[in-house]
1. Could you state the angle between the C-alpha long axis of helix 123-135 and the longest principal axis of the C-alpha atoms of the chain, as a value from 0 to 90 degrees rounded to the nearest 10?
2. Suppose R0 equals 35 Å. What FRET efficiency, 1/(1 + (r/R0)^6) with r the Cβ-Cβ distance, do D21 and D75 give to the nearest 0.05?
3. For the chain, with a Gaussian network of springs between Cα atoms less than 10 Å apart, report the residue from P118, P210, P29 with the top mean-square fluctuation.
4. Placing +1 on the Cβ of each Lys and Arg and -1 on the Cβ of each Asp and Glu in region 84-227, which of L157, L135, L92 has its Cα farthest towards the positive end of the resulting dipole?
5. Under 8 Å for C-alpha pairs, at least 6 residues apart: give me the relative contact order for region 158-235, rounded to a whole percent.
6. With a cut-off of 8 Å between alpha carbons and a minimum separation of six or more residues, what is the relative contact order of the chain in percent?
7. With θ set to phi - 60° and the Karplus curve 6.51 cos²θ - 1.76 cosθ + 1.60, what are the ³J(HN,Hα) couplings of region 156-173 in order, to the nearest whole Hz, using x for Gly and Pro?
8. Taking amide H atoms as placed 1.01 Å from N in the peptide plane, list the residues 5 or more away in sequence, or in a different chain, whose amide H sits under 5 Å from that of Q74.
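The values are calculated or read from the model by the stated rules, or taken from the named source; none is laboratory data. As the structure is a prediction and not an experimental result, all values here were calculated from the model. Every residue, glycine among them, receives a Cβ derived from its backbone with ideal geometry; neighbour counts consider all protein chains shown. Areas reflect the complete protein model, heavy atoms only, side chains present, ligands, DNA and RNA absent. Shrake-Rupley method; radii C 1.70, N 1.55, O 1.52, S 1.80 Å.
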Amino acid sequence: MSVAIEVRALSRRFGQRTVLDNLSFCIAPGEFVALIGKSGSGKSTLLRALAELDADAGRSGELSVPQSRSVLFQDSRLLPWESVLGNVTLGLHEVEAQASAKAALATVGLAGREQAWPNALSGGEQQRVALARSLVRRPALLLADEPFGALDALTRLRMQSLLHDVVRKHRPAVLLVTHDVEEALVLADRVMVMDAGRIVLDRQIDLSHPRRRSEAGFDQLRGELLSALGVDTCV
């Protein structure tokens with residue numbers, strides 16, 4: 001089986017503190033994996049390791065990730081002095097970059113906003129620009145670190161639906177870090193639960209899309225994931 005990500009005996013340390021402890025797993029091309037866990041469990045450290053943004057950490061183990069990858073952060077990280085189009089094409093030099101960027105903006109529902117400034121956009125629109133910026137690079141791997149955590153509830157639901165649609169269209173492998181169990185269940189093909197730097201549950205999600213929070217299978221899986229997180233669902 002071909003893989004987009006392969007991790008073997010991966011550990012990361014900061015000083016005397018081990019944050020990732022001997023992790024091993026694979027993610028297939030086009031697979032959407034959600035990573036959940038308590039604060040401090042190592043989720044963002046793992047994402048940074050896969051993005052190769054952890055040069056300050058003590059390292060051991062092996063990881064294989066595609067060269068073509070994009071990172072979607074909780075804040076949009078748009079440059080305020082660049083237009084929407086300028087932010088999406090930032091760092092791209094190919095002739096067709098502007099046409100590709102306009103197509104990506106249309107995909108996320110921002111056609112016609114190419115010349116807008118970031119401060120004229122809502123929080124949800126700024127995250128749409130960040131998503132377009134990731135997509136225009138045609139990544140084989142999209143790493144998303146709680147990209148909707150700062151959004152209001154309604155905007156968050158809309159962005160979840162948008163992310164699902166564009167991922168199904170472009171088919172990158174995805175690792176989504178989230179604290180939201182329901183978000184993981186709505187979006188992911190598979191959910192991994194982390195605790196103290198280890199993966200304590202790796203669960204395939206065999207529910208068809210669109211997923212409804214009211215269906216029995218959804219509720220059963222929610223209970224299983226919450227239990228793995230140490231939450232008493234009987235309270």
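1. Taking Cα atoms only, the helix is inclined about 90 degrees.
2. Values: r = 29 Å, r/R0 = 0.82.
The value I calculate is 0.75.
3. Judging by the Gaussian network model, the answer is P210.
4. L92
5. 23 percent
6. 27 percent
7. Here the 3J(HN,Hα) series is 4, 4, 5, 5, 4, 4, 5, 4, 4, 5, 6, 5, 5, 6, 9, 6, x, 6 Hz.
8. Result for Q74 returns D145.
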